[in-house]
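Asks: Okay, handing you the structure first.
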Amino acid sequence: MSKKYAIILSICFAVSAVFARISPHPWNFTPMGAVFIFSGFLLPRKLFWIPLLSLAVSDLLIGSYNWQVMMSVYSCYFASYAIAYFMKEYNLSNVIYSSVFSSLVFFFITNFAHWMWFGGYSRDFYGLMSAYVAGIPFFRNSMAGYLFFGFVFYFSYDLLRRFVFQKNFSVRKI
């Protein structure tokens, strides 16, 4: 598979993430995190704009929210991209590891940001723990989304690589 086809596949995944975020779905069960992980593994750094654009477009369509929380969300997705980028090898075990770790990062950072800037919780340790407890159902869906769509993207990539293009490839320059 050439660089061009890998970029097209990333764009297809990114577009699917936009549609998944704007269509009815369980809270936080979207392919957005998996798009950042897929792009981190396979695309050069200069193409980071592909998943970032899909996140920005879907946020524009959904509507904005508290800017501090929004920046924490963007930071978490960047962390997902970076985790995958530095792992280098795109294999199933790395997809699982990066999905679980990325969803944990997302959970802890975004719930902390929600506690810190969005309000609704007391400004003490008890309030922070309450924010984390309230976020558990969202975490479950988030991790399920990272893993499910990570598997879908990995197996789609692997099937195309094996049966359509019949060779091993990686377009990223290290």
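The values are calculated or read from the model by the stated rules, or taken from the named source; none is laboratory data. The model shown is predicted, which means the values in this text are computed figures rather than measured ones. Cβ coordinates were reconstructed from backbone atoms using ideal geometry, including for glycine residues, and neighbour counts include every protein chain displayed.
Asks: When you scan the range 86-98, do you find a residue that is over 14 Å from residue 15 (Cα atoms), in contact with a Leu (Cβ under 8 Å, 6 or more places away or on another chain) and assigned to a helix (DSSP H, G or I), even just one?
Replies: Yes - at least one qualifying residue is present in the range 86-98.
Asks: Checking the structure you have, find out if any residue of the range 83-94 is under 13 Å from the mean Cα position of the chain (by Cα), under 16 Å from residue 29 (Cα atoms) and surrounded by 15 or more Cβ atoms within 10 Å (Cβ to Cβ).
Replies: Checking the range 83-94: not a single residue is under 13 Å from the mean Cα position of the chain (by Cα), under 16 Å from residue 29 (Cα atoms) and surrounded by 15 or more Cβ atoms within 10 Å (Cβ to Cβ).
Asks: A further question follows. Taking the stated definitions as given, is residue 80 crowded, with 23+ Cβ neighbours inside 10 Å and small (Gly, Ala, Ser)?
Replies: yes
Asks: Follow-up. If I ask for residues that are part of a helix (DSSP H, G or I) and among the charged types (D, E, K, R), which ones from the range 99-145 would you list?
Replies: Passing the criteria: only 140.
Asks: OK, next. Sort out which residues of the range 1-21 are farther than 19 Å from residue 146 by Cβ and modelled with pLDDT under 90, and write them in order of number.
Replies: Residues satisfying the conditions are 1, 2, 3, 4, 5, 6, 7, 8.
Asks: Does residue 75 satisfy the condition of being of a type in the set (S, T, N, Q), surrounded by fewer than 19 Cβ atoms within 10 Å (Cβ to Cβ), part of a helix (DSSP H, G or I) and under 12 Å from the mean Cα position of the chain (by Cα)?
Replies: yes
Asks: Residue 24 is checked against (1) under 21 Å from residue 144 (Cβ atoms); (2) without any contact (Cβ under 8 Å) to a residue 60 or more places away in the chain; (3) in a helix (DSSP H, G or I); (4) not basic (Lys, Arg) and fails just one. What number does that condition carry?
Replies: (3)
Asks: State whether the residues of the range 103-113 include one that is over 18 Å from the mean Cα position of the chain (by Cα) and farther than 18 Å from residue 32 by Cβ.
Replies: Yes, that holds for at least one residue.
Asks: Still on this structure: How many residues, within the range 27-47, are touching a Gly at 6+ places or on another chain (Cβ under 7 Å) and outside any loop (DSSP other than H, G, I, E, B)?
Replies: Summing the residues that are touching a Gly at 6+ places or on another chain (Cβ under 7 Å) and outside any loop (DSSP other than H, G, I, E, B) in the range 27-47 gives 3.
Asks: Regarding residue 36, is this residue of a type in the set (Phe, Trp, Tyr), more than 13 Å from the chain's Cα centre (by Cα) and surrounded by 13 or more Cβ atoms within 10 Å (Cβ to Cβ)?
Replies: no
Asks: Would you check which residues across the range 1-21 are more than 16 Å from the chain's Cα centre (by Cα) and in a helix (DSSP H, G or I) and list them?
Replies: Listed by number, the residues that qualify are 3, 4, 5, 6, 7, 8.
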